[in-house]
Amino acid sequence: MALTDVSRQFLSDSRAFLTEDYLPKIERSVSQLTPEQIWFRANDASNSIGNLLLHLAGSSRYWAIEVIGSQPIGRIRQQEFDRREPSSPDRLVADLRAAVADVDRRLAELSAETLVEKRISHDQELTVLWCVYHIVEHFSMHTGQILTMTTALVGPLTPLSRG
């Protein structure tokens, strides 16, 4: 398999993890929660599911649009965690879907050559491949947290409907 084929597969798999695996799992979790449960914090040091949804949207856009795409987005990371005023579940999910769609479009534009290009984030030089890998692994980590928090609040999750 040529390097371009490996690159294409890496990008295809990364996009599929975000759009076909992690996002549907988060949507299923949020659909089983009340707004109060989405914004519940076990203590002041904990995040709510709502804060994690805001953070996933902000972080994913930051890495794909600002770092990889070199287009500033004006993100203030701490605000994602400081937010206490609840947004509706529909709004949170719509914002996350839009962020994932933005990321998916950006990843679809990348080439094998682009993956080895360097980008700067917080004074650190990183390859585009590293940035893509980080988007996926970071989204995976928070998806797992959301699933665990949802299960703790409501018990076993309703299976995804196959339609």
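On the protein heavy atoms, probe 1.4 angstrom, tell me the percent of accessible surface of region 27-110 carried by carbon and sulfur. If you can, show how the numbers build up before the last one.
Numbers: 1970 of 4150 Å².
Solvent-exposed carbon and sulfur of region 27-110 make up 48 percent of the total.
So, in nm, how far is label Ile76 from label Asp44 when the simple model puts each one 7 Å beyond its Cα toward the Cβ?
So the label points at Ile76 and Asp44 sit 2.1 nm apart.
Distance from the Cα centre of region 6-26 to that of region 102-130, in angstrom?
When both Cα centres are located, 16 Å separates them.
Run the quick spin-label model on Lys118 and Gln145: label points 7 Å from Cα toward the beta carbon, then report their separation in nm to one decimal.
Reported label-point gap for Lys118 and Gln145 is 3.1 nm.
For a label point 7 angstrom out from the Cα of Asp13 toward its Cβ, which stretches of region 89-117 have the backbone nitrogen within less than 16 Å?
From region 89-117, the list is 112.
Would you mind computing Rg(Cα) / (2.2 N^0.38 Å) for the chain, counting N as its residues? Please report the intermediate quantities before stating the final value.
Numbers: Rg = 16.5 Å, N = 163, 2.2 N^0.38 = 15.2 Å.
Computed over Cα atoms of the chain, the ratio equals 1.09.
Kindly provide the helix-only [θ] at 222 nm of the chain, computed as the sum of -39,500 (n - 2.57) over DSSP H runs of four or more divided by all residues, to the nearest 500 deg cm²/dmol? Working shown, then result.
Details: 8 runs with 97 residues, N = 163.
Dividing the helical sum by the residues of the chain leaves -18500 deg cm²/dmol.
The values are calculated or read from the model by the stated rules, or taken from the named source; none is laboratory data. None of these values were measured; they are calculated from a predicted model. With ideal geometry, Cβ positions are generated from the backbone for all residues, glycine too; neighbour counts draw on all protein chains shown. Side chains are part of the model used for accessible areas, which takes the heavy atoms of the whole protein and leaves out ligands, DNA and RNA. Shrake-Rupley method; radii C 1.70, N 1.55, O 1.52, S 1.80 Å.
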